[in-house]
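So the structure is just underneath, and the comments pick up after that.
The values are calculated or read from the model by the stated rules, or taken from the named source; none is laboratory data. Predicted model, so just to flag it, every value in this text is computed and none were measured. A quick note on method: Cβ atoms are made from the backbone with ideal geometry, for glycine too, and the neighbour counts reach across all protein chains shown. Please note that ligands, DNA and RNA were not included when accessible areas were found on the heavy atoms of the full protein model with its side chains. Shrake-Rupley method; radii C 1.70, N 1.55, O 1.52, S 1.80 Å.
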Amino acid sequence: MAFELPDLSYAYDALEPNIDARTMEIHHSKHHNGYTTNLNNAITDTPHASQTIEEILKGLDLNNKALRNNGGGFYNHRLFWAIMSPDGGGTPSGDLASAINNTFGSFDDFKNEFAKASATQFGSGWAWLCVQSDGSLKICATANQDNPLMPGIGCGGTPILGIDVWEHAYYLNYQNRRPDYIQAFFNVINWGKVSELYKKGV
Ligand code: MN
């Protein structure tokens, strides 16, 4: 079964002014589409063809660059679209809010630490909020299209929130102002979806 580029649940212009329509269109229809096509090419006629993307990432040979880059790119962007919404922003509630407060002290402390990890990831990559098996949370960042599910990546846990800090994610609108893009990202986070992922990951 080939992987398919997932549809967005909102229009390309729905996240404006936080993320502009042109960036969303290129990011989804060109970049994510490219990772999806190249992932399918990398698994054709291999045992990976019958695996889920999570199984592929968890069992990944990091030396398999085609699978590492495109499997990561496919998974990372699918998560990214899902945890954003035109009705997003604000703060989480329920168990996730408690876990954030328990781990980081407060929502503002969490936000500062996540923004710092996002801003200081050198070059292309992602920053993540991951849930550990004991329910605690962890912030980390990875290079390129690496993902916390990959073995030995040094960023353990299951990602429930991620921000793409590749320049293609923000350059048209923000140019070199990555910190402004990170602040705008907080206006579109779909905390309901992140809470759902937290409950599944604990
Ligand atoms: Mn991207």
Complete set of residues in region 90-129 that are more than 15 Å from CYS155 (Cβ to Cβ), touching a residue at least 40 places away in the same chain (Cβ under 8 Å) and touching a helix residue (DSSP H, G or I) at 6+ places or on another chain (Cβ under 8 Å): GLY90, THR91, PRO92, SER93, GLY94, ASP95, LEU96, ALA99, ALA115, ALA119, SER124
Contacts under 8 angstrom Cβ, first residue in region 173-194 being farther than 15 Å from ASN112 by Cβ, partner open to solvent by 30 Å² or more (accessible area, probe 1.4 Å) and part of a helix (DSSP H, G or I), 6 or more apart: TYR174/ASP180; ARG178/ALA119; TYR181/ASN173; ASN190/ALA82; LYS193/ALA82
Count - residues of region 29-59 that are farther than 22 Å from PHE80 by Cα and within 16 Å of the ligand (Cβ to nearest atom): 0
Residue, farthest from MET24 (Cα to Cα), within region 70-94, restricted to residues that are within 13 Å of the ligand (Cβ to nearest atom) and either charged (D, E, K, R) or in contact with an Asp or Glu (Cβ under 8 Å, 6 or more places away or on another chain) (or both): GLY72
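Would you be able to say whether some residue in region 147-157 is within 15 Å of the ligand (Cβ to nearest atom) and within 13 Å of the chain's Cα centre (by Cα)?
Applying the first criterion (within 15 Å of the ligand (Cβ to nearest atom)) to region 147-157 yields 147.
Next cut, within 13 Å of the chain's Cα centre (by Cα) only: 147.
Yes, some residue in region 147-157 is within 15 Å of the ligand (Cβ to nearest atom) and within 13 Å of the chain's Cα centre (by Cα).
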Residues located in region 70-102, provided they are surrounded by fewer than 18 Cβ atoms within 10 Å (Cβ to Cβ), over 18 Å from the mean Cα position of the chain (by Cα) and in a helix (DSSP H, G or I): GLY94, ASP95, ALA97, SER98, ASN101, ASN102
Any hit, region 134-142, residues being within 14 Å of the ligand (Cβ to nearest atom), modelled with pLDDT of 95 or more and assigned to a strand (DSSP E or B): yes
Residue that is away from the ligand (no atom under 16 Å from the Cβ) and open to solvent by 40 Å² or more (accessible area, probe 1.4 Å), where the choices are LEU67, LEU62: LEU62
